[in-house]
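Asker: A single structure is presented below for examination.
Please treat every number below as a calculation from the coordinates, not as lab data. Note that the structure is predicted; figures quoted are calculated from it, not measured. Methodologically, a virtual Cβ is constructed for each residue, glycine included, from the backbone with ideal geometry; neighbour enumeration extends over all protein chains shown.
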Amino acid sequence: MTLQAAAGYAAATGTFKLTFLLVLLPALSAAVLLLGGKRTNPWGHLLGCAAPIAAFVIGLVELLAITGRDGGQSRQLDQHLFSWVPVAGFHVNANLLLDPLSLVFVLLITGVGSLIHIYSIGYMEHDPDRRRFFGQLNLFIAAMLLLVLADNYLLLYVGWEGVGLASYLLIGFWSYKPSAAVAAKKAFLVNRVGDLGLSLAIMLMFATFGTVSFTGVFAGAHSPAAHGGTLTAIGLLLLLGACGKSAQAPLQSWLLDAMEGPTPVSALIHAATMVTAGVYLVARSGAIFNASPDARLLVQIVGATTLVMGAIIGCAYDDIKKVLAASTMSQIGYMMLAVGIGPGVYAIGILHLLTHGFFKANMFLGAGSVMHAMNDEVNMRRYGGLRKVMPWTFVTFGFGYLAIIGMFPFAGFFSKDKIIEAALDKGGASGYLLGSIALAGAALTAFYMTRLMIMTFFGQRRWARDAHPHESPRVMLVPMVLLAAGSLLAGFLLILGGSLQHFLTPSVGTSVEVGAHTIAPLILSLLTLAVALGGAAAAWLLVGRKPVPVEQPLNVSKLTWAARRSLYGDALNETVFMRPGQYLARALVFFDGRGVDGAVNGLAALVGGSSARARRSQTGFARSYALSMLAGAVAVTAALLLVRVG
Amino acid sequence: MSVNYYLYLSALLFTIGAVGVLVRRNAIVVFMCIELMLNAVNLSLVTFARINGNLDGQIIAFFVMVVAAAEVVIGLAIIMSIFRARRSASVDDANLLKY
């Protein structure tokens, strides 16, 4: 069994043999909850929380074990489960790879996941389908863990599709709402486009390297025989997959609608974990992107574009969850930019991913708490002055706010600053361009988040008449407080002495410390802080000084109009893909109905019709029969005569 | 006198019978016309027997007479029962067996 570990990785022994439990426990729990029916209703939510917590404990144990291995011992441990596809010439093992990168994800998924599960006990208390909710959340955790633990692309693809399914189910959890059902369908369809890219990438890998395992593909990408064009093609297809899952341009449109799902789902799947799978994919496939500068350039362009798009969209929406969703797009744009810059910077993208996981989940839970208090109202124009009634929510949300705008010493400061620095240090014109885009994004981030804070927690009360806001129960507050602590501390702790970068080295390569910076780090940090404060001040000047109108003002600039329509992303999809698709489908239906069916049905109608006419000759009149007999006899006689005489 | 005249007469009788069958509605008249056609054929059979100088045609004529006698019995019985059921002897009224 130990011999079956993929070449290049150490076989999992001792503590590391527990790795399979990480996937198995949530999967079993999901099976019990989803198949067990009403019998599991009384204790379903407790089991649903126990599974990710148990997985988190296993993750912590393995973190201790893996940090205990230093010096010559490999920190990449491969556990062989079974031989999955044992076909000659195509052999795929179901192996789990526990290495620093996947372990970091395991801890994020199970840690933040556990907190959100606990929060959901309170948030979903009055929902009759709470057990199903927990079952589907556990299904998501299991699929996401499989995604990050797989040691080959095919198994990763199983997890990739699994999280897509869980996301679909949970966005449409309240499927009696047409908007939720439509949003779920949209998310599924847009993700399908990305999944197609990933599956094509996997096929191309197999065609090129003859294997889909990480080690095999990476070794192939390093070898001089590898063709640059093929690697670029694989990289671009992987990027397409990443764009779909991570809601990056041009496949960003589904994320805003995905906010129809329950808020814990938005926090877990559409902020902290699943949408970062694209970043994971690019970081994991670093060997391919390292070998293809063209693919990297496109990743950077996608990241920078989405970064700005998301931020602009976030400035215009009034729906608190959609602002946060746009912000998620924008922050993942930062991560994509970082992992797109490539060798030496992957770890920084992952750092921002982790800190973002904390502060964005924190803010989503805060938004959920506000909605819980305001009868599920999401329009920020109906909020205002909530800081006095919901002090805990206000303070924890405030921590997340300070983290995302990059205030020192909150988590976002360390990670975002590093990304801007890395973009500038890339050098050349493109480095300056990307760096200034990232810097402008920081200003926009500060603007829209300050706007959100002012509209929600400050100013006069603009509540609906029947709203009686109250602080949320303790079961919801505790996860929020813990995540707020994460928003404060995560960045500092992870960057202390470059700890995360060193830890991730076996997975993504050494982090490069550039000797000569384009702008000295201290000055750049101050510049970033100044830009963020400028954005916040602008928001205060524009939104905070005068009362917020309860109705959305209509005399606004063209850019605001565009941003309110998510920069025409939906309109573009509709014009370019949906309409032509509909026309094509209609043309095909017409051809099938009139052409194919018409020919067959027409033949049948011809036979039927002529038979019906021929039947009419059976009149029932004896004399007409006699006439035809006579005619026949005459004809026979005539024929005979003709033969005889002729 | 040429034997052909018998054949002409036969053809004439047959034609009269055939036209009668086709144009008359009364079942009895139609029936009589059928008899006329049968007898026209009999006449031609006998004539041909005479022409050929053997008795085959005459024997067949006897067969035809026997069949005609049986046919008259059955035919008249059918006509009677139709008349009793429908109070009509018109062949056009008995047209139920159709499409």
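Asker: All other residues with a Cβ under 9 Å from the Cβ of residue A:34 taken together, and with Lys, Arg as +1 and Asp, Glu as -1, what is their net charge?
Answerer: +2
Asker: To make sure I understand the rule: partners must be aspartates and glutamates, Cα under 18 Å from the Cα of residue A:546, and not fewer than 8 residues away in the same chain. Which ones qualify?
Answerer: Partners found: A:318.
Asker: Continuing with the same structure: Within segment A:340-406, which trypsin sites (Lys or Arg not before Pro) sit in a loop by DSSP and count at most 11 neighbouring Cβ atoms inside 10 Å?
Answerer: A:388
Asker: Calculate the FRET efficiency for residue A:633 and residue B:63 from the Cβ-Cβ distance with a Förster distance of 25 Å, rounded to the nearest 0.05.
Answerer: 0.80
Asker: Let me ask something else about it. How big is the Kirkwood radius of segment A:119-246, worked out from every pair of different alpha carbons and given in Å to one decimal?
Answerer: 16.2
Asker: Rule-of-thumb check for segment A:366-517: C-alpha Rg over 2.2 N^0.38 Å?
Answerer: Ratio of Cα Rg to 2.2 N^0.38 Å: 1.29.
Asker: Once Rh is set to the Kirkwood radius over Cα pairs, what Stokes-Einstein translational diffusion coefficient, in µm²/s, holds for segment A:175-250 at a temperature of 4 °C and a viscosity of 1.567 mPa s?
Answerer: 94
Asker: Now a separate question. Rounded to the nearest whole Å³, what is the per residue volume of the convex hull around the Cα atoms of chain B?
Answerer: 108
Asker: What whole-number distance in Å separates the alpha-carbon centres of segment A:494-545 and segment A:287-352?
Answerer: 15
Asker: At a Förster distance of 51 Å, what's the computed FRET efficiency of residue A:432 paired with residue A:465, Cβ-Cβ distance as r, to 0.05?
Answerer: 0.45
Asker: While we're looking at this one, here's another question. List the extent of the Cα atoms of chain A along each of their three principal axes, largest first, rounded to whole Å.
Answerer: 125, 69, 60
Asker: Go through segment B:1-91 and name the trypsin sites (Lys or Arg not before Pro) that are in a DSSP coil and have 15 or fewer other Cβ atoms within 10 Å of their Cβ.
Answerer: B:25, B:87
Asker: Over all alpha-carbon pairs of segment A:1-143, lay out the pair-distance distribution in 5 Å bins, whole %, shortest bin first.
Answerer: With 5 Å bins starting at 0, P(r) equals 2, 10, 18, 18, 15, 13, 10, 8, 4, 2, 0.
Asker: Could I ask something else about it? Determine, from the Cβ-Cβ distance of residue A:583 and residue A:88 and an R0 of 51 Å, the FRET efficiency 1/(1 + (r/R0)^6), rounded to the nearest 0.05.
Answerer: Given R0 = 51 Å and the Cβ-Cβ separation, E is 0.65.
Asker: Now for a different question. Full extension from residue A:605 to residue A:621: what is 0.36 nm times the residue separation minus their Cα-Cα distance, to one decimal in nm?
Answerer: 2.9 nm
Asker: On alpha carbon coordinates alone, what is the Rg over Rh value for segment A:312-440, Rh being the Kirkwood radius?
Answerer: 1.04
Asker: Same structure again: Would you compute, for the Cα atoms of segment A:442-505, the largest minus smallest coordinate along each principal axis and list the three values in descending order, in whole Å?
Answerer: Largest first, segment A:442-505 extends 56, 34, 14 Å along its Cα principal axes.
Asker: Expressed as an acute angle from 0 to 90° and rounded to the nearest 10, what is the orientation of the C-alpha long axis of helix A:622-645 relative to the principal long axis of chain A?
Answerer: Taking Cα atoms only, the helix is inclined about 70 degrees.
Asker: What does the charge add up to near residue A:186, with Lys and Arg as +1, Asp and Glu as -1, over the other residues with Cβ less than 11 Å from its Cβ?
Answerer: For residues surrounding residue A:186, the net value is -1.
Asker: As I understand it, the value is the acute angle between the Cα axis of helix A:499-508 and the longest principal axis of the Cα atoms of chain A; what does it come to in degrees, rounded to 10?
Answerer: Long axis of A:499-508 versus the principal axis of chain A: about 30 degrees.
Asker: Using the Kirkwood radius built from alpha carbon pairs, what does the Stokes-Einstein equation give as D for segment A:236-330 at 37 °C and 0.692 mPa s, in µm² per second?
Answerer: My calculation gives 243 µm²/s for D.
Asker: Can you tell me the orientation of helix A:19-35 relative to chain A, as the angle in degrees between its alpha-carbon axis and the longest Cα principal axis, to the nearest 10?
Answerer: It is inclined by approximately 50 degrees.
Asker: Another one. Give me, ordered by chain and number, the residues 5 or more places off residue A:150 or on other chains with an amide H under 5 Å from its own placed amide H.
Answerer: Counting only residues 5 or more places away or on other chains, the set is A:97.
Asker: Note down the Stokes-Einstein diffusion coefficient of segment A:69-166 in µm²/s, whole number, using a Kirkwood radius over alpha carbon pairs, 25 °C, and 0.890 mPa s.
Answerer: 161
Asker: A follow-up question, please. Could you tell me which of rounded, prolate or oblate describes segment A:243-283, using a ≥ b ≥ c as the square roots of the eigenvalues of the alpha-carbon gyration tensor, with rounded for a/c under 1.5 and, failing that, prolate when a/b is larger than b/c and oblate otherwise?
Answerer: Cα axes put segment A:243-283 in the oblate bin.
Asker: May I pose another question? Which of the trypsin sites (Lys or Arg not before Pro) found in segment A:76-164 are loop residues per DSSP with 11 or fewer other Cβ atoms within 10 Å of their Cβ?
Answerer: none
Asker: Let me ask something additional. Please turn the phi angles of segment A:48-61 into ³J(HN,Hα) values with the Karplus equation 6.51 cos²θ - 1.76 cosθ + 1.60 (θ = phi - 60°), one per residue in order, whole Hz, x for glycine and proline.
Answerer: x, 7, 5, 4, x, 5, 4, 5, 5, 4, 4, x, 5, 4
Asker: 7 Å from Cα along Cα→Cβ at both residue A:519 and residue A:125: what's the point-to-point distance in nm?
Answerer: For the pair residue A:519/residue A:125, the computed spacing is 4.8 nm.
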